Amino acid sequence: TIYRSSSYAPVNIAVIKYWGKRDPTLNLPTNSSLSVTLSQSDLRTHTTATCSASYTSDSLLLNGKDQDISTARTQACLRELRTLRRKLESESPHPLPELSSLPLKIVSENNFPTAAGLASSAAGFAALVRAIADLYGLPASPTELSRIARQGSGSACRSLFGGYVAWNKGEKDDGSDSVAYEVAPASHWPDMRALILVASAEKKDVSSTSGMQTTVKTSSLFPARAEQVVPKRMKEMEKAIQGKDFETFGNITMAESNSFHATCLDTSPPIFYMNDTSRAAIRIVESLNQAAGKVVAAYTFDAGPNAVIYYLAENEAEVAGTFKCILGKKEGWEGQRGKAVTAKKE
Ligand code: DP6
């Protein structure tokens, strides 16, 4: 017998950035963060998990290539999921197949470049955790699954929810309170749009995992960011989302991106994620906002040069149109227009 389950998980793009860990093994962050989950028809991972006594060992395939499944992060996720399944098997009043002891085969496909700073690990671990949780028939809530996915990749905990999602840094050493929660569903602000500008689909130089550890160790700007700047912005951002206040949403998003990249530059050796194309995108957003006399577009960059531009549907022609017009002619740019909607199960 082969037992099977499939799941999708979309990419999420942080508007308040996670950068820095207080515990690198459990992926416990130094600050809370907040993101917008993109529509799963845009950037997403699709994962099928199967288990069978006929398999010899656990295996993981990403975009057709064999991956190392023995990494501590993947193992942490598998261990947690198997423990929950074992509990279910031992507590069930009727006998359940012992899936927890069967080898797993995990097959994932990304519909976007992997490790190019497009949050592929976020969608990847979220889809993996959800596919196996479904395969095991776990009654786990998205919050509980977010605690598991966090151990695969921090930002993955936010991809278990659609819409506007916060990741509470938590206080406990065991990480049990370091979980994601929904700030508002996508339907709360259905006019929100995201334009993804792919400046480079190449693998990034410095991974988020090692980059943020070096920042924590060496940046003098970092403590103020983690202890004062981000906590204040978290509150303001949640309020802006509740009140559908794009001006504040946009201003905080841009300030956050700049603060994060400033701490990267303040790291020793310095980390550069943005390039000339990224800076050109910032200038375009600045001139669009100046011409409109208000914030109509907001940029943000993760650990790579690709830009994500948030805007409202009413400004589609102005924002997406301008980017298409200016950058469409330039080589190396390829736009993906997204809509922030709730992630649905397959
Ligand atoms: C800049 O979640 O990739 O995208 O926990 O080490 O896997 P690990 O890091 P990861 O870091 C994401 C960093 C970021 C900001 C964010 O998504 O909040």
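The values are calculated or read from the model by the stated rules, or taken from the named source; none is laboratory data. Everything numeric here is computed off the predicted structure, so don't read it as measured data. Methodologically, a virtual Cβ is constructed for each residue, glycine included, from the backbone with ideal geometry; neighbour enumeration extends over all protein chains shown.
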In region 270-285, is there at least one residue being within 13 Å of the ligand (Cβ to nearest atom), out of contact with any strand residue (DSSP E or B) (no Cβ under 8 Å at 6 or more places or on another chain) and either assigned to a helix (DSSP H, G or I) or closer than 17 Å to TYR18 by Cα (or both)? yes
Would you point out the residue of region 108-135, among those that are at pLDDT 95 or above and surrounded by fewer than 24 Cβ atoms within 10 Å (Cβ to Cβ), that is farthest from SER7 (Cα to Cα)? LEU135
Look through region 196-220, keep the residues that are among the hydrophobic types (A, V, I, L, M, F, W, C) and within 15 Å of the ligand (Cβ to nearest atom), and return whichever of them is farthest from LEU34 (Cα to Cα). VAL206
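Residue-by-condition table, conditions (1) crowded, with 19+ Cβ neighbours inside 10 Å; (2) within 14 Å of the ligand (Cβ to nearest atom):
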| position | (1), (2) |
| --- | --- |
| SER153 | yes, yes |
| GLY162 | yes, no |
| ASP174 | no, no |
| PHE222 | yes, yes |
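Taking GLU236, is it closer than 30 Å to GLU314 by Cα and not polar (S, T, N, Q)?
Spelling it out, GLU236 is indeed closer than 30 Å to GLU314 by Cα and not polar (S, T, N, Q).
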Basic (Lys, Arg) and either more than 20 Å from the chain's Cα centre (by Cα) or surrounded by 23 or more Cβ atoms within 10 Å (Cβ to Cβ) (or both) - does that describe any residue in region 19-33? no
Does any residue in region 106-120 that is charged (D, E, K, R) come within less than 7 Å, Cβ to Cβ, of a residue that is at pLDDT 70 or above and not in a strand (DSSP E or B) six or more places away or on a different chain, and which pairs are these? GLU109/ASN63
